[in-house]
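Undergrad: One structure coming up, written as structure tokens, with questions to follow.
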Amino acid sequence: MTAQNARLRELGAFLRGRRGRLEPAEAGIGGSGPRRTSGLRREEVAEVAGVSLGYYVRLEQGRGGAPSAAVLDALARALRLDDDEQAHLHALADPGGNRRPTVVSAELLQQAHDVLGLLAPPSAAYVIDRVGDVLAWNAIAAELFVDNFPAGLDTAANRPGGVRPNNVRYAFLNPAARRLFPHWEEIADDAVAHLRAAIGYRPDDPALRALLADLGTRSPDFAQRWERRDVRPCHRGRKVFEHPTAGRLELDYRVLEIPATCHHRLVVYSAVEGSVDFRALARLCGRRTSGAGPVPSRRADTSA
């Protein structure tokens, strides 16, 4: 299967999923008799979007070719897609877009490492790539995210390749994550929706395919959420932690894209200076007095 075919098949699946979720009343369609299944009929979507039924059927089957921007906008309106979902739809249909290099070079790893040096403690920070692999993290992040990041400094870690910690695997496969996050269901929903927003428009991506094969087999919770095709990039928010040492923490986070990289993002957790949460973070930071600088990623498997 070519990359273009994979992309269009995913576009078709996304359309089917959103059509199945939208009830006629939500789409402004009056009663049309009893329905055997929930959601809109194909002909209803085609009519509202102003395209032929045959063309829309081909789109859902992944064989209608790449739709124009105008058709995509019409489909987005018909299916009541939000801004994130509409952007995802356009990305799926764009065969030439979002084709940055995906090879993690030593230079890119060093850039990820250097960015963390700009952050003042007690902020917890790490850099992730397009599929949630963690390329670098600071000492306080290693303390905050229990059993996710290997401790200590490994100078050999700057070599590209190998197995890295992965935040999505951590959320679904590591029991420590379920203990750390009292609202684990929300964390799991966000992790999958963010992953699909970040890279779900590239179903041919080798790293994504490997991650999906692994988690789809090992975690029914992940597989169920991935099939929902929720799209929700996380740029900022707040998470609650039940930390075994620091106790209950409520931390704000920001996600910043790093320019000129293959979808690398800097994630920073912080609290208002002087607050209870800030002081708790500072105490965690004090546990690593010999490792206050950034800690590059080690080639260790923390997926289990």
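Undergrad: In the neighborhood of residue 79, defined by Cβ-to-Cβ distances under 9 Å, what is the net charge if each Lys or Arg adds +1 and each Asp or Glu adds -1?
TA: Neighbourhood net charge equals +4.
Undergrad: On to the next question. What net charge is computed for the residues neighbouring residue 172, neighbours being all others with C-beta under 11 Å from the C-beta of residue 172, Lys and Arg scored +1, Asp and Glu -1?
TA: Around residue 172, the surrounding residues sum to +2.
Undergrad: Over the range 3-93, what is the relative contact order in percent, taking alpha-carbon pairs closer than 8 angstrom and at least six residues apart?
TA: 38
Undergrad: Within 12 Å, Cβ to Cβ, of residue 225, how many net charges do the neighbouring residues add up to if Lys/Arg are +1 and Asp/Glu are -1?
TA: Computed value for this residue: -3.
Undergrad: Which of the GluC sites (Glu not before Pro) found in the range 167-275 are in a DSSP loop and have at most 14 neighbouring Cβ atoms, other than their own, within 10 Å?
TA: Those that pass, being in a loop and sparsely packed, are 273.
Each reported figure results from applying straightforward, stated rules to the coordinates on display, with no laboratory input. All values reported here derive from a predicted model rather than from experimental measurement. We place every Cβ from the backbone using ideal geometry, glycine too, and count neighbours over all the protein chains shown.
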